[in-house]
Every structure is written in C-alpha cells, then in structure tokens.
Amino acid sequence: PFNPWVQFQLTPSPQVPQGQTSVAAHYVLLTQTLQLAHQRQHREAAAQSVLNGTRWTIVQAELLAVAQTERLFFMALFWRDQRELLRENAALTRQVLDISEKQLAAGALSRSDVAIARLDDAAARRRAELGEANYQTALLDLRRQLNVSLDQPLDVRGSLKDLLFSPASSAAAHSQIGTEQLPASVPQMSQQLAANRPDVLAAQSDFDASRANLNLAHANRVPDLQIGPYYQLTDGGATLWGFRGQSDLPVLNTGMPLVRQRGAELIQRQTVWQQLQARASIEAQAAIDRYERARRIAAESGTTSELPEELSKLEAQFQAGEIDLIRIVTARTSLLAARQSQLDILSELAQAAAALTAATGLPPEVIVQVR
C-alpha cells in the first residue's frame, strides 16, 4: 500500500568574487501516491480471481487425467477378461478335437466332422492369440498414461465382474462436490454438477477477474494524488520546508474509453461462462443417461455361468458317441457368444463410468467399488 519515491537535485555553487561565501543549492522531495478510489482493492480482487482460475484449470487437468486413466484401466480389465475367455474357449475346442480324433480312429466319427473340429480349433487359437495381443496393447496404453517404463512390470488385477457400480444419484450424494442437497430430477442434478465442474469454475473465475478489472477502470477515473514533504536550500542560503502535491485533471482523458472496453470484456467473459456451463450441463446429463442405461442393462442381463449343466451333459454324450459334433460346436458357440455379450455389457458400463467422471467431476471411488 505504501511505495514512496524520492526526488533530489544538487546545483553546484557558482563562482563568486573573492571574499564572498558560495552555497551549493540542493532540493529533496519525498512523495507518496494516494489512490483515492480504492484501486488496490480492485487489483487484489482481479489477481485473486486469476489465481483461482489457474487453480481450477489445474484441477480440470487432473480430472481429465483421472478419467483417462480410469478408461484405460477398465479397457485393460476388459481385454484381460477377454483373453481368459478366449484361452478357455481354445482349451475346450482343443479338447473337442482330441475327442474327435479318438472317435475317428475308432470309426465312430467321419473325417468331415474331424475337419470341422480342426477348423474350429485353429480359429479358437487365433482368437486367443489376438486376445493376448489386444491385452498387451491395452497394457501399453495404460503404461504410457501412468508413465511406467517398459522395464518395470505392469499387470492389472481383478475383473470387471468384481466391480459394483453405484447409481449416479447415490454417487453424487456421497461426493464432496456441492454443499446443497442434490435434486431428484436428472436435468436439475446435471445443472448442479455442471456448475461445480472445474472448467466451469475456471470460466467463472475469469468472469470475476473481468468484473474486478471493470471496477478498477471505474476507479481509475478518479485521479491519484501525489503528496509529500520537501526540503530545499536555495543558492541564496535560504532554507525552505513544506509539502508538495500533484494530481491529474481529467478534462480530456476521462477514462471512459477504458471503462467501455472493460465492460465489453466483461460481457464476453460472462457469455463464455454461461455457454460453457450450459454445455457442461448437457454433457453431464448425457453421461448420466448413458451410465444409468448401461447399469440397467447389466442388472437385467444377470450373469452367465462358466459351464452350464446342459453343456456338461452334451459333452458327456459327445464323449460317449451319442450326439454328433455339430451339436456340441453349436452349444459351445452359443455359450461363447453369451459370455462375450455379458463381457461387452460390463465393458460398456465401465466406460460409461469413466465418462461420468469426466463429465460431472464425480470421483471414481464414489461411482465404482470392489466387491
């Protein structure tokens, strides 16, 4: 608040006739600028708003990094489950091929049926290899996101089946975002969550900074007063003490052009903030709708048994030579398709949870829990 400045002047003594005394005149002025319209208060408000905007921008970057890590982790879990499923299917098809070759040697099965079993076994092994490659690619993406070097081991644990996904309303109620009680309707809840999203709060801080700059422009229309004491010794030897003041006269430069410019900037920042908040509300509503729809489908689909009792009976009948190969292959294909569908549903639910984190700012731990 106080930043005085000093002005001084020294005039060497002139040459005078011999016998007369010469005096070196000097002058010292100490001046402090006084802002009469509280400009410092407006500058501090603008600086605080800029600082808040920077902090919220950092939080938004962290949120997007968390959501991206969550998405890549769920993708790695999906391909891990997919790899195990394809490996199990390859082992089962290999077992069917071994049984078929034994029945062919015993004359209980034709060569065409064995050829079908061999084609099915080759396709199953290729799908298992592709599943392994996709899992390793997902691990590479996750490793790059986590900045883990290639010489360090990295593997994911658990399964998508071990995850519990809470309702969006329950996750929002247990989060730390917002202090008011969340409304029951999805549009109102989306608007409240969007209003607390970090990028929206950063835009709001930018708007607050523009408003503070407008107030500063209004305050700058009041001229500053520069005042302070001075001391002077004239060349005649007289000593002078007193005060000196200085102020601008806002006759031609009234400050209104800068006020109009700051007012236009304020309207621009307000429009950006309102548009971003409206878009964030729509994104949050869409993310909640996708998440709840995927959660409902996952709840209705239930779980698929690893090896249904009916298929076990069919395999026993096939080993005994009571049914043909086509029937056992069809049953295995149906089981694989059912388990694949269940896995796709869980993957969609997990990706929807990651999108919900990015769109609403809800922490992953309030959305997803481990059984």
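For the chain, the share of accessible area belonging to carbon and sulfur comes to 55 percent (1.4 Å probe, ligands and nucleic acids excluded). With respect to the chain, whose longest principal axis is taken over its alpha-carbon atoms, helix 256-301 is tilted by about 20°. The distance between label points at GLN232 and ALA133 comes to 9.2 nm (points 7 Å beyond Cα on the Cα→Cβ vector). Among the listed values [x] 20.3, 60; [y] 20.6, 64; [z] 38.8, 146, the one matching Rg and Dmax of the Cα atoms in Å as calculated from this structure is [z].
Using the Cβ of GLN277 as centre and a radius below 13 Å, the other residues enclosed give a net charge of 0, where K and R count +1 and D and E count -1. Each other residue within a Cβ distance under 10 Å of ALA358 adds +1 if Lys or Arg and -1 if Asp or Glu, for a net charge of 0. A simple spin-label model places pseudo-atoms 7 Å from Cα toward Cβ; at ARG371 and LEU36 they are separated by 7.7 nm. Charge tally for TRP56 (other residues, Cβ to Cβ under 10 Å; Lys, Arg +1; Asp, Glu -1): 0. For the peptides 241-254, 352-365, the ranking by packing is 352-365, 241-254, with the highest mean count of neighbouring Cβ atoms within 10 Å listed first. Label-to-label distance, GLN188 versus ASP289, with points set 7 angstrom from Cα along the beta-carbon direction: 1.9 nm.
On the basis of the beta-carbon distance and an R0 of 56 Å, LYS102 and ASP151 show a calculated FRET efficiency of 0.75. Relative contact order, whole percent, for the chain stands at 28, derived from Cα pairs under 8 Å and 6 or more residues apart. Okay, which of the stretch 239-267 sit inside 19 Å, backbone N to the point 7 Å along the Cα-Cβ direction of ASN3? Counting backbone N atoms under 19 Å from the label point, the list is 246-248. For the stretch 135-155, the residues whose amide N sits under 19 Å from a probe point set 7 Å from the Cα of GLN68 along the beta carbon direction are 137-150. The residues of the chain have, on average, 59 Å² of accessible surface per residue, using a 1.4 Å probe with all protein chains present.
The values are calculated or read from the model by the stated rules, or taken from the named source; none is laboratory data. Predicted, not measured: the structure shown is a model, and the values here were computed from it. All Cβ positions, glycine included, derive from the backbone under ideal geometry; neighbour counts span all protein chains shown. Note: areas computed on protein heavy atoms with side chains; ligands, DNA, RNA excluded. Shrake-Rupley method; radii C 1.70, N 1.55, O 1.52, S 1.80 Å.
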